[in-house]
Every structure is written in C-alpha cells, then in structure tokens.
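Enquirer: Once you've had a glance at the structure underneath, I'll fire off some questions.
The values are calculated or read from the model by the stated rules, or taken from the named source; none is laboratory data. In this text the structure is predicted, and so the values were computed from the model without any measurement. As a convention, Cβ positions derive from the backbone with ideal geometry for all residues, glycine included, and neighbour counts pool all protein chains shown.
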Amino acid sequence: MAKRTIVKMPGDGIGKVVLDETIRVLDAAGFEADYVEGDIGWEFWCKEGNPLPDRTIKLIEEHKIGLFGAITSKPKDAAFNELAPELKEKGLVYSSPIVGLRQHFGLDICMRPCRTYKGNPLNFIRRGPNNTIEEPEVDVVIFRQNTEGLYGGVEWSNPPDQVYEALMTHPKFKKNFEWCPKEELSVSTRIFTRKYTERILRAAFEHAKKYGYKSVTVCEKPNVIRETSGMMYKLAQEIQKKDYPGIALWNTNIDAQMMWLTKNPEDYGVIVAGNMFGDIVSDGFAGLIGGLGFACSAQFNPESGIGVFEPTHGSAPKYADYETSIVNPIAMVESACMMLDFINENKVAEKIRKAVAEVVAEGKVRTYDMMKMAGRPDVVEKGAASTQQMADAIIAKL
C-alpha cells in the first residue's frame, strides 16, 4: 500500500518545533507517511503579501490532509508596517491564513475535544462537601461551526452607500445608529445558513451517538441574538426529535455556560455552537484540562475529505527564540491523533494516546506549564522537561 502524503505546515514561532516533535512521535508509533512542507504564516505575508500562498493551497488540494503548527496574527496597522517596502503601495490587507484555509476548502466542521488526563497537575479541582477536594473528570467535545458567523469576513468600516442604506431600512438600526456619521461606523455581520447550521448540528449528534454521549448542548444566545442563535436551536430541536430521540438536547446561553463549566463540567458531553461562541467555550473547557498545551482540534469538510489538524494555541514567538524549546507538544500530538482517526488509522492513534496518558499519569516528565512555572528560558535547568524531552518520553512509552 502506498504511503500517504501529509502536508505539514509549521507556520510561525513554536509551530515549527511542536510539529517536528509530533512527526517524530508519529514515526515511532509506526505511521508511515511522506511529508511535504506547505508555506504559510507571517513570513510569507511580510515578503510576499500573502500568508497563504497559492502553492500551499494546491498542495492541500492534491493531498487532502494537513498538519498545521501555529500562526502569528497582528492588528491591521502592525501587519501593514511589517510588509516589504515594495508591497506597501499595493493595497494589501492581512487576513488570517487559517481562516483562509477554512473558507477556501469549506472546512465548516471544527471539532475540539477536551478530556482530562489522570495525574495531570493542571486538572480542574473544586471544593466539595465537608471541605473535601473534588477533581471532576471532564470529557467534552465541542463542535464549532467554522466558516460562518462572526468569522465569515463580511464587514466594513465606513460602509459603502448601498450597505448603509440597506442597514437604515432596519428600524432598530435607524433608531440607534442614525446619529453616527457613516465614516465613523464599523459593521461586522453574523451570518448563519440553514445548510451549514444543520450540518454542524448533525455532526454533533452523530458523534454523540457513535461514542455514547448522553447529551448535546446548543451553546448560543437565542434570548438576545434571536435570528441566528434562534435558528440553530430550532433546527437542533427538529433534528433531535426526528432522528436522535435517545440523546438529550440541552440549551445554554454562552455567558451562563462559562459560569457553569466550573460548577459541573462533568455533566456535559457534546457541545455545539457557532464560530465565536464555539471558540470561547472550547478555550474555557481547555482551561479545565490543563490549558492550551492540551487543546487539540480538527477542521474538515466531510464531502471533499479535506482535513486540517492543529493545536488551538498560538505561535508564542517569545518562546520560539529560546535556545532550548520549552513548550508542551501534547496539543500538537493530540491533533495528529485526530488526523489519524480521520484517515482511519485508529489503532495508531489509540497507541499514541495511551503513551501520552502513561507519561502524564507517571508524572516524571512534565513541561514548565505542568510544573506551574513561568515560561522562562531557565525552566529546564530547574527540572522542567523541554519540548524534545516530552516527545522522547512519549516515544519511550511507545
């Protein structure tokens, strides 16, 4: 059987080191693949004016599967200032390359599991009855609609006349914003479509059914954002009643959910939300299982079979310059396991997850975040494992 080809996209900062160490783990687990490198990130924005070059898009079109490290994103003015001088007169505007990948390939389903590792000193604990200490086991999977909502990119500053006139036809816009000069106005849209809202909901219910979760929670804000959040919850009710009557449907508001996730996180199974609220609630739950060093994600299009797998942390450029890398690679390793699941290499994925769990439970090798240290260059001298040493420990278990 021919080897699969994986497009590896290190990106920026710590993305490079965590991806390299993860590929070492994949090799040690017996996953055989060829890797081709795709250019993406800040470097290519600065020197080419495009953080997602067409050559990278073509690689993903050809090979379907991407492993992605991390990117650096900066505000509009800072991005412009770092462009090569010869590009500054071309009217280029920076946009996130990972958002660009999602939009271009229709990677509308984003999946972010948050599961407790036994023995992780960063696990959430709470005070129980009679002054006892409880450590609830978190096993939550967030399904985040990935291509619509606030991240859809339909927005304006000083909107064109036809947009402004259309907005003025809405009585609440006219009442509340007519006073504002058009050139002082910025507008972002939140667009939900029935097709892709239904698709993310069905993905959430199917996952709950396949893996035995008892509930699906729609985490939105339908009491205020009545049209978009309201449509998602109404569709969820229809889908659950018709096709998944054995799975409970819960409805929470995003603000209340962020309070409840530290009160009773063990009660939740699958959570589904639009883009922004899914982003928020997944980071909240990630905090309960150890933070971004343990937060993995998958984004994929079930029709095309294209998937990109990445940790949810950023590029952390200050750590990238350290002589010895100190960052935790587990989120990247877990993202690679999600890739393996996606391409039906489930046995290899399970073997890696078991090795990671054993390392965490044993507690002999811990990165600086697991030792609750500040991320300084000298943490390895003080007993924290480097990025490579953590990967070495996982490989030793394999």
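Enquirer: Give me the helices (runs of 4 or more DSSP H) completely within segment 1-87, filtered to those with at least 2 residues that are farther than 28 Å from Tyr322 by Cα and in contact (Cβ under 8 Å) with a residue 12 or more places away in the chain, ordered by residue number.
Expert: By residue number, 54-63.
Enquirer: For segment 105-161, how many residues meet the condition of being in contact with a Lys or Arg (Cβ under 6 Å, 6 or more places away or on another chain) and in a helix (DSSP H, G or I)?
Expert: Here the count works out to 1.
Enquirer: Separate question: Filter segment 215-239 down to the residues that are in contact with a strand residue (DSSP E or B) (Cβ under 6 Å, 6 or more places away or on another chain) and either farther than 16 Å from Ile254 by Cα or among the polar types (S, T, N, Q) (or both) and list them by number.
Expert: Ser215, Thr217, Ser229, Ala236
Enquirer: Right, next: Residue by residue through segment 229-251, note down the ones that are acidic (Asp, Glu) and without any contact (Cβ under 8 Å) to a residue 12 or more places away in the chain. Before you say what the answer is, go through the steps one by one.
Expert: To start, the set of residues in segment 229-251 that are acidic (Asp, Glu) comprises 238, 243.
Result: Glu238, single match.
Enquirer: Scan segment 334-347 and give yes if some residue there is under 23 Å from His104 (Cβ atoms) and not assigned by TED's automatic domain parsing to the domain that holds Gly15, otherwise no.
Expert: no
Enquirer: Going through Glu184, Glu178 one at a time, which residue ends up being surrounded by fewer than 18 Cβ atoms within 10 Å (Cβ to Cβ), farther than 28 Å from Arg115 by Cα, modelled with pLDDT of 95 or more and not aromatic (Phe, Trp, Tyr)? Even if it seems obvious, please write down each step before you answer.
Expert: Details: Glu178 fails: modelled with pLDDT of 95 or more.
Criteria check complete, one pass: Glu184.
A quick yes/no check of all residues on (1) crowded, with 24+ Cβ neighbours inside 10 Å; (2) free of Cβ contacts under 8 Å to residues at least 60 places away in the same chain; (3) touching a Lys or Arg at 6+ places or on another chain (Cβ under 9 Å); (4) among the basic types (Lys, Arg):
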position	(1), (2), (3), (4)
Gly278	yes, no, yes, no
Ser282	yes, no, yes, no
Leu288	no, no, no, no
Phe294	yes, no, yes, no
Ala298	no, no, yes, no
Glu303	no, no, no, no
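Enquirer: Right, next: State whether the residues of segment 103-111 include one that is touching a residue at least 12 places away in the same chain (Cβ under 8 Å), touching a His at 6+ places or on another chain (Cβ under 9 Å) and within 30 Å of Phe44 (Cα to Cα).
Expert: yes
Enquirer: Quick check on segment 324-368: of everything there that is under 14 Å from Gln389 (Cα atoms) and charged (D, E, K, R), which residue is surrounded by the most Cβ atoms within 10 Å (Cβ to Cβ)?
Expert: Arg366
Enquirer: Can you tell me which residue within segment 233-252, out of those that are of a type in the set (S, T, N, Q) and crowded, with 18+ Cβ neighbours inside 10 Å, is farthest from the chain's Cα centre (by Cα)?
Expert: Restricting to residues being of a type in the set (S, T, N, Q) and crowded, with 18+ Cβ neighbours inside 10 Å, the top hit is Gln240.
Enquirer: Return a yes/no flag: does segment 374-387 have any residue that is modelled with pLDDT of 95 or more, surrounded by 14 or more Cβ atoms within 10 Å (Cβ to Cβ), in contact with a helix residue (DSSP H, G or I) (Cβ under 6 Å, 6 or more places away or on another chain) and part of a helix (DSSP H, G or I).
Expert: Checked against the condition, which is being modelled with pLDDT of 95 or more, surrounded by 14 or more Cβ atoms within 10 Å (Cβ to Cβ), in contact with a helix residue (DSSP H, G or I) (Cβ under 6 Å, 6 or more places away or on another chain) and part of a helix (DSSP H, G or I), segment 374-387 yields at least one hit.
Enquirer: Would you confirm, using the coordinates I've provided, whether Arg144 is within 30 Å of Lys64 (Cβ to Cβ) and assigned by TED's automatic domain parsing to the domain that holds Glu220?
Expert: Yes, satisfied.
Enquirer: Could you tell me which residue of segment 168-197 is farthest from the chain's Cα centre (by Cα), considering only residues that are closer than 30 Å to Gly106 by Cβ, in a helix (DSSP H, G or I) and touching a residue at least 12 places away in the same chain (Cβ under 8 Å)?
Expert: Here the residue is Arg194.
Enquirer: For segment 354-391, what are the residues that are within 21 Å of Gly15 (Cα to Cα) and among the small types (Gly, Ala, Ser)?
Expert: Scanning segment 354-391 gives Ala374, Gly375, Ala384, Ala385, Ser386, Ala391.
Enquirer: Taking the conditions exactly as written (in a helix (DSSP H, G or I), farther than 30 Å from Ala336 by Cα and of a type outside the set (S, T, N, Q)), does Val93 satisfy them or not?
Expert: No, not satisfied.
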